[in-house]
Amino acid sequence: PAEPLSLQEHGLDFQRLLDASAYKETYRQDMIRWGEEKRCADPGFFCRTAVEGAAQPVWVVSDTRRLSDVEWFRDVYGDAVQTVRVVASEETRKRRNWVFVAG
């Protein structure tokens with residue numbers, strides 16, 4: 001849910017960001033910068049946006065890369081939060097066409 005907020009602010013095409021075109025690469029750094037500015041101003045911004053209006057009794061929040069996001073969920077939902085970390089070796093990741101790009 002957080003991405004469309006940024007898209008609205010910047011007039012980007014959400015569907016084009018989902019495809020394999022170079023469109024999203026054109027805006028990637030700007031989107032990262034925007035996200036960092038939002039997190040600095042309000043560390044819970046994206047977490048609150050993600051759960052806003054959710055009524056399901058169980059949620060799976062995937063790809064939580066930041067410890068601050070996990071901490072936010074723990075602070076807000078306490079012992080109901082369970083975490084699972086899925087780890088793949090670099091070899092496995094490379095077989096899945098992952099390539100490290102600095103920066």
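The values are calculated or read from the model by the stated rules, or taken from the named source; none is laboratory data. Bear in mind the structure is a predicted one, so any value in this text is a computation, not a measurement. Cβ sites come from the backbone with ideal geometry, for glycine too, and all protein chains shown count toward neighbours. Side chains are part of the model used for accessible areas, which takes the heavy atoms of the whole protein and leaves out ligands, DNA and RNA. Shrake-Rupley method; radii C 1.70, N 1.55, O 1.52, S 1.80 Å.
Considering only residues that are small (Gly, Ala, Ser) and either touching a strand residue (DSSP E or B) at 6+ places or on another chain (Cβ under 7 Å) or within 17 Å of GLY103 (Cα to Cα) (or both), which ones fall in segment 12-38? Correct list: GLY35 only. Of the numbered criteria (1) open to solvent by 80 Å² or more (accessible area, probe 1.4 Å); (2) outside any loop (DSSP other than H, G, I, E, B), the one ARG85 fails is (2). Among the residues that make up segment 1-22, is at least one of them open to solvent by 70 Å² or more (accessible area, probe 1.4 Å), modelled with pLDDT under 80, assigned to a loop (DSSP other than H, G, I, E, B) and under 20 Å from VAL51 (Cβ atoms)? Scanning segment 1-22, I find at least one residue that is open to solvent by 70 Å² or more (accessible area, probe 1.4 Å), modelled with pLDDT under 80, assigned to a loop (DSSP other than H, G, I, E, B) and under 20 Å from VAL51 (Cβ atoms), so the answer is yes. Look at (1) charged (D, E, K, R); (2) exposed (fewer than 14 other Cβ atoms within 10 Å of the Cβ); (3) under 26 Å from GLY103 (Cβ atoms) and you find that ASP75 fails only one, number (3). Which number in (1) closer than 27 Å to GLY11 by Cα; (2) not in a helix (DSSP H, G or I) marks the one condition that TRP34 misses? Status for TRP34: all satisfied but (2).
Flag set for TYR27, criterion: modelled with pLDDT under 85, among the aromatic types (Phe, Trp, Tyr) and assigned to a helix (DSSP H, G or I).
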